[in-house]
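Just below is one structure, and these are the notes that go with it.
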Amino acid sequence: MKKKGIAGLLVMSMIVAVIGGCGDKGNAPTTAQKNNESQTSGGGNNGSEEVSKYQTTYGTKTFDNVKITVELFDRSNAPDGSTITENKWTQYVNQEMNKVGIQVEFVPVPRWDEVTKMQIMVASQTAPDLTLTYTYPYAEDYFNQGGVWDLAEFIDGKDQAQNMKAYLGEDVINIGRNAENQLYGIVAKRATTAKSNLFLRKDWMDKLNLQIPTTPDELYNVIDQMVHNNPDGRNDTIGGILWNAWNLRMAFSKIAGDPLKVSIASNEEPIQDYYDEGMREYYRFMNKMYNNGLLNQEYYTMSEDNFKSYIVTGAVGFMEYSVNGSVDVMRGSLLKTLQENVSGADIISIPPLKNINDGNQYSAAYAMGGLIAFCPKTASEEKVEACMTYLDWMCTKEGGHVIYHGFEGEHYDYDSNGVPVVKDADYNSKDKDWIRADLFVTGNQGYFATVDDFNACTAKEAPGYEDHVIENYENALIGIINHDTTYTSPSAPGLITDINLVKDEYQVKCITCPTADFDATYDEYLNMLGQAGVQTIIDERTEYYSNNQ
């Protein structure tokens with residue numbers, strides 16, 4: 001929804017030019033160093049099988065002090081006395097990697113500018129040896145242009161990346177493969193596919209005697225009442241702000257009940273806007289909100305810090321944000337801060353709204369995979385081998401489990417079910433929680449054996465808000481679940497930049513234009529998407545999913 005400063009065509013032309021030239025319950029994987037004590041420094045399979053050229057199972061090879069650069073998302077949230085690259089946890093990483101002759105240098109990249117920064121770094125041949133992104137088509141496009149390593153030779157051997165295979169599983173690893181079985185990136189495993197929540201100020205609803213809305217029209221009425229009859233007497237009330245609109249869009253979709261069409265649209269906004277006729281009514285709803293003063297008037301230029309500041313100062317009645325965003329410690333424990341500023345305030349999540357076309361509830365959900373890590377060709381062969389060893393270590397209990405949960409006795413104790421229970425949430429928040437999710441790059445939302453473990457552990461990480469956490473995750477997966485897909489059509493990598501440029505421009509125009517101009521503006525948006533090649537992607541996705549449902 002936010003207008004991004006993507007240096008689209010110029011950056012992509014540079015890229016083409018350069019490239020063309022919580023609880024483990026005893027079953028979490030442990031390091032191969034413990035399981036393969038009989039192997040020599042160079043690795044091996046006790047003579048029973050041919051040894052792979054590259055040894056990427058942590059502990060089976062000692063490198064000759066090789067240094068790798070690894071991208072690290074920076075949220076500008078480092079506590080006093082630490083920086084994103086110099087802290088207790090980056091030191092722990094190097095302590096453990098030094099044991100096998102690897103030194104890790106972290107390259108900070110602002111989280112919400114990661115695509116722009118990635119494009120610039122790849123184009124200038126300065127990208128880290130291990131580069132990260134949530135946008136798979138870019139990683140695959142760089143691979144198709146010859147600028148990214150095929151990781152299959154580093155991963156697929158039976159003696160290679162054994163911890164990674166045990167933790168991620170074949171299905172997740174295969175997300176990073178193309179049709180030729182080439183592996184262009186390593187995809188992180190999601191602890192849960194819950195994606196997004198609709199949030200409302202519960203205390204305002206109670207004071208105004210409002211019921212939880214179940215339809216878009218009811219939501220509009222609730223927001224209108226909050227703005228015009230604000231019970232706190234504020235004159236700066238913002239009716240609604242959206243950091244994303246995944247679930248709100250589902251309430252207007254005309255294809256949400258058709259699995260084939262959902263797969264074709266893939267929850268990618270420009271594709272869905274062009275393919276799903278119901279999106280016109282979603283934008284009409286947003287346009288009505290905007291023109292009637294119920295939507296933040298500068299929402300499209302809002303930074304996440306500004307988004308959060310509106311919430312914690314008590315100015316916002318409705319928002320859509322990442323799942324559990326109201327009490328998530330990594331996102332700043334927003335409700336806790338709000339209650340410190342506004343006595344009696346409360347934020348609750350609500351179930352997905354009923355779809356205006358069929359009355360069903362739909363929840364958008366993530367695919368099994370999170371971010372993808374790839375190795376640009378500027379990395380040497382040895383560095384790629386070391387990078388894969390680093391990711392393999394991240395999949396161990398000594399690696400990812402410690403990075404995410406900390407140390408037993410200091411940060412957590414196990415309960416009777418083997419679930420880590422936080423000892424001191426405030427201490428953990430300052431000591432590790434601010435960096436853990438971004439440093440642990442082989443898992444999104446934590447190192448866990450099961451979704452049940454994740455829910456139980458996460459609830460206990462927010463003392464006093466356990467019920468909020470459980471309700472947030474439950475509400476995010478109510479009704480018919482439409483998961484994101486991971487297939488990238490052949491033409492998508494080459495077209496995605498132009499398509500996103502159109503999206504960024506016209507989504508703003510469609511929401512902010514005068515009501516009388518809405519349909520003409522939306523028609524222009526669809527026409528421009530067509531000119532940018534979106535139909536080609538839809539045709540390719542239609543063929544693929546028609547043959548693979």
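Yes/no per residue for (1) surrounded by fewer than 24 Cβ atoms within 10 Å (Cβ to Cβ); (2) under 29 Å from Gln91 (Cβ atoms); (3) out of contact with any strand residue (DSSP E or B) (no Cβ under 8 Å at 6 or more places or on another chain):
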residue: Val104; (1), (2), (3): yes, yes, no
residue: Arg111; (1), (2), (3): yes, yes, no
residue: Lys117; (1), (2), (3): yes, yes, no
residue: Met121; (1), (2), (3): yes, yes, no
residue: Ser124; (1), (2), (3): yes, no, yes
residue: Thr131; (1), (2), (3): no, yes, no
residue: Pro137; (1), (2), (3): yes, no, yes
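Of all residues in region 53-83, how many are of a type in the set (A, V, I, L, M, F, W, C) and closer than 21 Å to Trp112 by Cβ?
4
A quick yes/no check of all residues on (1) touching a Ser or Thr at 6+ places or on another chain (Cβ under 6 Å); (2) modelled with pLDDT of 90 or more:
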| site | (1), (2) |
| --- | --- |
| Gln39 | yes, no |
| Phe63 | no, yes |
| Phe73 | no, yes |
| Thr90 | no, yes |
| Val107 | yes, yes |
| Trp112 | no, no |
| Ile120 | no, yes |
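Consider region 144-155. How many of its residues are modelled with pLDDT of 95 or more and assigned to a helix (DSSP H, G or I)?
Residues that pass the stated criteria total 4.
Just wondering, is there one or more residues in region 333-355 that are within 20 Å of Lys254 (Cα to Cα) and either among the aliphatic types (A, V, I, L, M) or out of contact with any helix residue (DSSP H, G or I) (no Cβ under 9 Å at 6 or more places or on another chain) (or both)?
yes
Every residue, every condition in (1) within 26 Å of Phe285 (Cα to Cα); (2) crowded, with 19+ Cβ neighbours inside 10 Å; (3) aromatic (Phe, Trp, Tyr), yes or no:
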| position | (1), (2), (3) |
| --- | --- |
| Phe448 | no, yes, yes |
| Asp467 | no, no, no |
| Ile470 | no, no, no |
| Ala476 | yes, yes, no |
| Lys503 | yes, yes, no |
| Gly530 | yes, no, no |
| Val534 | yes, yes, no |
| Arg541 | no, yes, no |
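Select, from Lys165, Lys117, Lys189, Lys158, the only residue that is of a type outside the set (A, V, I, L, M, F, W, C) and in a strand (DSSP E or B). Walk me through how you get there before you give the answer.
Values: Lys165 fails: in a strand (DSSP E or B); Lys117 fails: in a strand (DSSP E or B); Lys158 fails: in a strand (DSSP E or B).
On inspection, the qualifying residue turns out to be Lys189.
With the checklist (1) touching a Cys at 6+ places or on another chain (Cβ under 9 Å); (2) in a loop (DSSP other than H, G, I, E, B); (3) of a type in the set (Phe, Trp, Tyr) in hand, flag the one item Phe454 doesn't pass.
For Phe454, the failing item is (2).
Are there any helices (runs of 4 or more DSSP H) wholly within region 368-433 with 2 or more residues that are within 16 Å of Val93 (Cβ to Cβ), and if so which?
381-394, 402-405
Restricting attention to region 58-89, and to residues there that are surrounded by fewer than 20 Cβ atoms within 10 Å (Cβ to Cβ) and of a type in the set (Asp, Glu), which single residue is farthest from Phe154 (Cα to Cα)?
Asp80
Take the residues in region 179-233 that are within 30 Å of Cys457 (Cβ to Cβ) and among the small types (Gly, Ala, Ser); name whichever of them is surrounded by the fewest Cβ atoms within 10 Å (Cβ to Cβ).
Residue satisfying both the conditions and the ranking: Ala191.
Could you tell me which numbered condition Gly359 fails, if it satisfies all but one of (1) modelled with pLDDT of 95 or more; (2) outside any loop (DSSP other than H, G, I, E, B); (3) surrounded by fewer than 21 Cβ atoms within 10 Å (Cβ to Cβ); (4) not aliphatic (A, V, I, L, M)?
Going through (1) modelled with pLDDT of 95 or more; (2) outside any loop (DSSP other than H, G, I, E, B); (3) surrounded by fewer than 21 Cβ atoms within 10 Å (Cβ to Cβ); (4) not aliphatic (A, V, I, L, M) one by one, Gly359 breaks only (2).
If you check Ile481 against the conditions, is it modelled with pLDDT of 90 or more, surrounded by fewer than 18 Cβ atoms within 10 Å (Cβ to Cβ) and in contact with a Ser or Thr (Cβ under 7 Å, 6 or more places away or on another chain)?
So Ile481 fits the description; yes.
The values are calculated or read from the model by the stated rules, or taken from the named source; none is laboratory data. Since the model is a prediction, treat every value here as computed from it, not as a measurement. Positions of Cβ are backbone-derived with ideal geometry, glycine not excepted, and every protein chain shown enters the neighbour counts.
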